[in-house]
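So the structure is just underneath, and the comments pick up after that.
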Amino acid sequence: MAKILKCKKCSTYTLKKKCHNCGAETVNPEPAKFSPEDKYGKYRRLYKKQLLSEA
């Protein structure tokens with residue numbers, strides 16, 4: 001069973017690796033599972049902060 005994916009560019013949902021509207025790459029829209037012992041959470045938060053500051 002395939003999981004639904006979301007286009008990074010136009011936010012369209014699809015089951016394919018590439019968006020049928022714009023041809024951009026698709027990603028899994030589900031957030032990462034939360035764990036209190038997450039040893040990489042610090043780096044994920046820094047990366048997200050960088051992405052938001054660039055936009």
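Rule-based calculations on the coordinates, nothing more; no lab input. Note that the coordinates shown come from a computational prediction; the quantities given were computed from them, not determined experimentally. In this analysis, Cβ positions are derived from the backbone assuming ideal geometry, glycine residues included, and neighbour counts consider all displayed protein chains.
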(message) Among 29-41, 9-21, how do they line up by average Cβ neighbours within 10 Å per residue, starting with the highest?
(response) 9-21, 29-41
(request) Treating cross-link reach as a plain straight distance, find the lysines whose alpha-carbon is under 25 Å from the alpha-carbon of residue 8, omitting any fewer than eight places away in the same chain. (result) 16, 17, 18, 33, 42, 48, 49
(request) Could you run the Karplus curve 6.51 cos²θ - 1.76 cosθ + 1.60 with θ = phi - 60° over segment 17-30 and give me ³J(HN,Hα) per residue in whole Hz, x for Gly and Pro? (result) 6, 10, 5, 7, 7, 10, x, 6, 5, 10, 9, 6, x, 6
